[in-house]
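The values are calculated or read from the model by the stated rules, or taken from the named source; none is laboratory data. The structure displayed is predicted, hence computed values, not measured ones. Heads up, the Cβs are rebuilt from the backbone with ideal geometry, glycines too, and the neighbour counts pull from every protein chain shown. Ligands, DNA and RNA are excluded from the accessible area calculation, which covers all protein heavy atoms including side chains. Shrake-Rupley method; radii C 1.70, N 1.55, O 1.52, S 1.80 Å.
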Amino acid sequence: MLSGMESFNENKGSNKSTLGYNYISILYCANNGELKSITPPDFLQDLNIDQVMDVILKDKGEYNLEPVFWNTLQDRNCIYYRQEIFKDLENTYIMEHIKNFVHDMKLIRDYLEMVKHLDIDYNKKGWILEAILIYTSSILSLTKNLSTAIPKSRGLSNVLRYLIYYTQSPKFLSLKTEAEILKKELSQIKYCIIFEGGRFKVKPYEGEEDYTEELKKIFEKFRHVETKDYHKLVEKHIGMNHISGKILEFVAKLHPQTFARLDEFYINYKDFMDQNIQRFDRELQFYLGYLDYISNIKDKGLSFCYPRLTTKDKEIFVRGGFDLALAYAHSNDQVPIVLNDFSLKGPERMIIVTGPNQGGKTTFARMFGQLHYLASLGCPVPGREALLFLFDNIFTHFEKREEISNLRGKLEDDIYRIYNMLSSATPKSIFLLNEIFSSTTVQDAIFLSKEIIHRIINLDALGVFVTFLDELASISDKTISMVALIDPEDPTSRTFKIVRQAPNGLAYALSLARKHGLTYEQIMERIP
Amino acid sequence: MIALSLLFPDKDPKPIKIHLPPHANILAQDLGLDVLLKAMALGDDFLYQVAQHTLMSLQTDISTIIFRQDVLQDCINNPGIIKELYQISMKFLEQKRKGWLWISHTHASPSFILSDGRRLLDVSLALLWELREISQKNINNFTSQGLKRFFSTILRELSHEYLNEFKYHIKKLSFPQGVLVSAQLGKGNEGINYTLLKPREESRGWFKHILFSKTPTYTYKLHPRDEAGARILSELRNQGLTRAANIVAQAAEYLDNFFNTLRWELGFYIGCLNLYEQLKKIDACISFPRPLPKDEFTFSCKGLYDISLALIKNKRVIGNNISPHNSSLIIITGPNQGGKTTFLRSVGLAHLMMQSGMFVPAVSFCSNLVTGVFTHFKQQEDRDMEMGKFKEELQRMSTIVDQISQNGLILFNESFASTNEREGSEVSIQIIRALLQKKIKVFYVTHMYELAHYFYKTRDYNPLFLRAQRLPNGERTYRLIQGEPLRTSYGIDIFRKIFKRKLLNDLVCN
């Protein structure tokens, strides 16, 4: 058959059978599910989002989820649509059953993939039957449990309505009943094989006695406590060759009616997977991946929240924000995570961050970008409370202090890059500039930085400017000064704060030691 | 069943592969351990691993250390026999590899497991006989508790009767007379629950029963030239033997484990012998150290040298003499390239070697046992520019504080010098005082005069002060002498040496 014709028929069929449930999506609220960007945006790496994605998408290659991360949403309604689903999934009862469903779907795909490589007809059909058994029971149990839980999100409610419709359809019901009857008949068959030199026989089982028990006693002496149980290992699927195929053929001859039913069943149901169910499974991976990722961090006592988003004014704030990738990297150790607040009021647009080298300035800038990026994906963001801006693009320039052979050439490149950013930026853009010009002279750096800051605030864009130059901290009423600081008054505090205040140039060695738990008293406590 | 421990005085077999401590990489790098391990391994990855694990898992029980020292002395006296024993475990491995035995269990069918298991038992049997012969011939040449017990256990457990019985069962397991099994249909209609039923010799009735009953029976006869089919058929026959295969597989794994343990334990002593022979060639001295209980703080050495340095240079190197001192703080100051780092390394390596039961690179060495060796060395370069250098040092220190426990040993090499001297000293002093309070032994190489001077002035913890020797003409001896910290270091000497000309303003520098 022509493949074009096939897919045409399939579409038509699904339109008819789903009665208006044409397209169920939990990622896109409107019918504009198409994705604009087919390449990752430039800022992902500077924000360390690439690290986050690597972890989330590990072992999820088959779902092709990268584009979901590459395309930030521009519509608040769509963002809240996803936020609602995230909230539903924080319900442990819903989550548990969603996870079971996703696990089953993966197993089904594994079975179907395996079937492609099998040679023996009844072997294939047997595995299709297994896949169908998992499919029907998994979908039924999901439907039942979602109905009990009553999801609040628009997305999952749509899915539930569809599931109820689907599981009551005659096609699904007969699929389930026939599969179960067939499986029962097949598993009741018991037979004997007699192996002789050069030939074998197959006959019905007639009550012969077990010999293995006798054998066991002989080797009892060799038993070793820690050895593996090979019995379990070898029961895994190993495929069939022409000899075991022959045996199966003989068994089929001993039970002709049962196997005729299997043939019929296969013809009727071999394409049993529903398209909406498959899409639901794929889209869930985005939510599960992200929630899985942040659960390690939550276990450390850190909070996530659902940000509100503003599109017009730029009065944004966050409380208790932190760097997602950093928090993940330290989710299994004792290293404390910096929590930071920021807030912009009235005309304020740009945060100038100064302070000591080890103060977490870069982390702060990165966090600012991450919060906005994650919010635009509809994800819960690292922090207790947040109001963020719905941006159109993020421009980053993070200084990489590598060996520089040609200083002049590098400076020229940097300025050229920032020029390009400014040319394509809009008032809805965000700038994150981290220690740029640190490799040039101080006078040059001050001059260039001022020029650039003024251009960004004239554009009315938002931004964070990290610098070692205290002189930049108060150059406009559109900029605010934040300083990487620790509180020497409070020895128990082990986190750097980036706080809103004028820059100061204190030395920090002992405070740093305290932060790392390395004062005399702290070490005395720490070593048992 | 049969415990042959050559590493521990008690008979309970210990797991042969312990995990390396979390700081193993840093420690190895700072101490230059790799050179030592390579000398022990002589290119053999397995020996490298054994040496690495044994050196990294410090023994804190004096009787275990003495037990190993005695075994090692026996090995040095009879290297040929030890190597012969080691060869037996190697032969097992070789046979296993050659026969493609026991490669992957997860995808193997029961028939493979049964036949592989049987063949592995067969190979084992021959080697067990060999092991027995060597034991019988040589048991009287050895004096250590460990090796005497080793040989007598073999002679007792692997008796003639036992080995013959072993042989009989291997034969029986080839089921030469055909096999009757029952089965059911599992997932994918693949046969499951294969159960071996009573074979012909056990109940003669069933064969006749089939011939004369009306039970429907289908027969498949292979074409005589269908070799592939015949092979599959013989495998299928064994498939009925899943549970039997399981029993054999477990027995085979036990023996695999037995020979691997043998190889691991002997591997450690083979590594020591390799090292011994190399040191003998360059006429470098070794001795068995004298370990003291954890709380008896002591340190003394005569001719203690950096064994890795000696191995690299392939000649004897200068050692240090430190007369007995019972402080747990040793502060080392003095000019650059005066042998301070080398000394720190030699102390760290000597502890690892002593506490694995080895000899040490010294004429004599005596120290209390420690629960762990830690290093905090100046890093060559800032590995992550995001992190300030000083912060990075603090982080490493904090990690050490998480891992170290009472009676540990820590070696500092120019730590906390990445901030200014006053602050660096203050941070260091607090850290050192807390560590000493926790009975941790501290060796601290530093240029920070304020730090050294603080302990010199206060005499807290009665520290021992060592200084890299520098002769009046500026020449270094690479030896440490006892002496108070001086205000200047001698970086300028190195500058001179490298630039090979006098500075224009020589006077200013002096």
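Observations, loosely collected:
- Lys, Arg +1 and Asp, Glu -1 on Cβ, resulting dipole of segment A:243-283 about Cα centre, debye, nearest 20: 200 debye
- Rounded, prolate or oblate (a/c below 1.5 giving rounded, otherwise prolate when a/b exceeds b/c) for segment A:64-144 by Cα gyration tensor: oblate
- Taking all Cα-Cα distances within segment B:271-328, those exceeding 12 Å account for 71%.
- Amide H contacts of B:ASN413 (H built 1.01 Å from N, in plane; Pro and chain starts excluded): B:HIS376, B:PHE377, B:LYS378, B:VAL445 sit under 5 Å, all sequence-distant by 5 or more or on other chains.
- Per-residue HN-Hα couplings for segment B:263-271 [Karplus 6.51, -1.76, 1.60; θ = phi - 60°; Hz; x = Gly/Pro]: 5, 5, 5, 5, x, 4, 6, 4, x
- Amide H within-cut-off set for A:GLU435, under 5 Å, with H built and near neighbours excluded: A:VAL466, A:THR467
- In this structure, the amide hydrogen of A:PHE304, modeled 1.01 Å from its nitrogen in the peptide plane, lies closer than 5 angstrom to those of A:GLY383, counting only residues at least 5 positions away or on a different chain.
- Surrounding net charge for B:LYS221, when Lys and Arg each add one and Asp and Glu each subtract one, Cβ distance under 14 Å: +2
- Over 21 Å between alpha carbons, listed pairs B:LYS38/B:LYS280; B:LYS171/B:LYS221; A:LYS184/A:LYS270; B:LYS280/B:LYS313; A:LYS87/A:LYS497; B:LYS91/B:LYS148: B:LYS171/B:LYS221; A:LYS87/A:LYS497; B:LYS91/B:LYS148
- ³J(HN,Hα), Karplus 6.51/-1.76/1.60, whole Hz, each residue of segment A:425-430, x for Gly, Pro: 6, 10, x, 8, 8, 10
- Applied to segment B:124-130, the Karplus parametrisation 6.51 cos²θ - 1.76 cosθ + 1.60 on θ = phi - 60° returns per-residue 3J(HN,Hα) values of 4, 4, 4, 6, 5, 4, 4 Hz, with x for Gly and Pro.
- Percent of beta bridges antiparallel (DSSP, segment A:303-397, rounded to nearest 5): 75 percent
- Chains A and B together bury roughly 8700 Å² of accessible surface, counting both sides and using a 1.4 Å probe on protein heavy atoms.
- Point-charge dipole on Cβ atoms (K/R +1, D/E -1) for segment B:18-95, about Cα centre, debye to 20: 40 debye
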